[in-house]
Amino acid sequence: MKIDQTKIPQATAKRLPLYYRFLENLSASGKQRVSSTELSEAVKVDSATIRRDFSYFGALGKKGYGYNVNYLLSFFRKTLDQDEQTKVVLVGVGNLGTAFLHYNFSKNNNTRIVMAFDVDDHKIGEEVGGVTVHHLGDLEKVIDPEVTVAILTVPQVAAQKIADQLVAAGIQGILNFTPARLDVPETVRVHHIDLSVELQALVYFLKHYPV
Ligand code: ATP
């Protein structure tokens with residue numbers, strides 16, 4: 001079945017990596033089918049949403065059978081480009097950046113950080129988790145032209161200027177771990193992960209909407 005990916009809603013697309021990871025584990029443990037209820041419990045998405053998400057790409061679960069794990073996996077691989085490895089750069093080799101560089105080589109990871117950047121002379125030229133740290137001033141000179149995604153783990157004050165540099169170097173997607181709101185051209189996508197805001201929100205919901 002040919003799937004028009006532009007028809008998949010963004011909210012659905014965002015959940016695909018979550019489904020994918022769980023299904024890969026299922027497949028590795030030899031399971032060939034899964035029900036939307038099982039999936040729902042594992043990924044914490046309600047089963048009606050899962051059924052709607054899956055219907056966008058023609059995976060219609062059969063009553064009493066569920067979904068075919070391998071069919072779903074092959075679809076996700078194609079959609080998420082999991083057959084190819086996506087190369088990523090990281091800017092800011094501090095505590096958080098270092099943790100990501102070490103996490104880099106864990107199994108089932110189809111994105112890989114291929115180079116890192118910093119401005120601290122003590123870090124330039126070092127290898128962290130097998131990745132070489134370059135000076136940010138050399139970004140345009142050394143960046144692999146295939147890289148379109150960057151992770152930003154720098155202090156907040158430095159974030160906007162670095163985002164400008166990344167955009168000038170051809171980066172199209174930034175995973176921003178700083179609290180800064182980044183101003184980028186419309187053609188560039190920023191996903192913002194602010195750990196303290198997420199934690200605050202969680203605490204708020206626990207307090208006001210107990211489950
Ligand atoms: P560390 O423990 O190494 O000091 P940290 O985790 O406490 O770092 P920050 O002070 O936020 O965190 O710095 C994160 C990293 O960003 C550091 O390695 C720092 O050298 C780097 N950094 C700071 N300013 C810039 C900049 N303008 N461009 C690139 N990297 C920068």
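Data overview
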{"item": "Amide H within-cut-off set for T111, under 5 Å, with H built and near neighbours excluded", "result": "T86"}
{"item": "GNM flexibility winner over the chain from V147, V43, V184 (Cα, springs under 10 Å)", "result": "V43"}
{"item": "When each of K14/K87; K7/K87; K44/K207; K7/K78; K44/K78 is checked by Cα-Cα distance, pairs over 21 Å", "result": "K7/K87; K44/K78"}
{"item": "222 nm mean residue ellipticity, helices alone, for the chain (DSSP H n ≥ 4; -39,500 (n - 2.57); rounded to 500)", "result": "-12500 deg cm²/dmol"}
{"item": "Sites K78 and K7, calculated FRET efficiency, Cβ-Cβ separation with R0 25 Å, nearest 0.05", "result": "0.95"}
{"item": "Potential lengthening between S47 and S27 on full extension [0.36 nm per residue; Cα-Cα distance subtracted]", "result": "5.2 nm"}
{"item": "Phi to ³J(HN,Hα) by Karplus 6.51 cos²θ - 1.76 cosθ + 1.60 over the stretch 147-153, Hz, x for Gly, Pro", "result": "7, 10, 10, 10, 9, 10, 10"}
{"item": "Under Karplus coefficients 6.51, -1.76 and 1.60, residue-wise ³J(HN,Hα) of the stretch 134-146 in Hz, glycine/proline x", "result": "10, 6, 4, x, 9, 3, 5, 6, 9, 5, 5, x, 6"}
{"item": "Gain on full stretching of the segment that runs from L199 to A158 - 0.36 nm per residue minus C-alpha separation", "result": "12.4 nm"}
{"item": "Under 17 Å from the Cα of K141 - aspartates and glutamates, other chains or at least 8 residues apart", "result": "D118, D164"}
{"item": "Listed residues G92, G30, G64, most fluctuating in the chain (Gaussian network, C-alpha, under 10 Å)", "result": "G64"}
{"item": "Most mobile listed residue (V167, V197, V69) in the chain, GNM with C-alpha springs under 10 Å", "result": "V197"}
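Each value in this text was obtained by applying a stated rule to the coordinates, not by laboratory testing. Remember, predicted model here, so these are calculated numbers, not experimental data. Cβ: placed from backbone, ideal geometry, glycine included. Neighbour counts: every protein chain shown.
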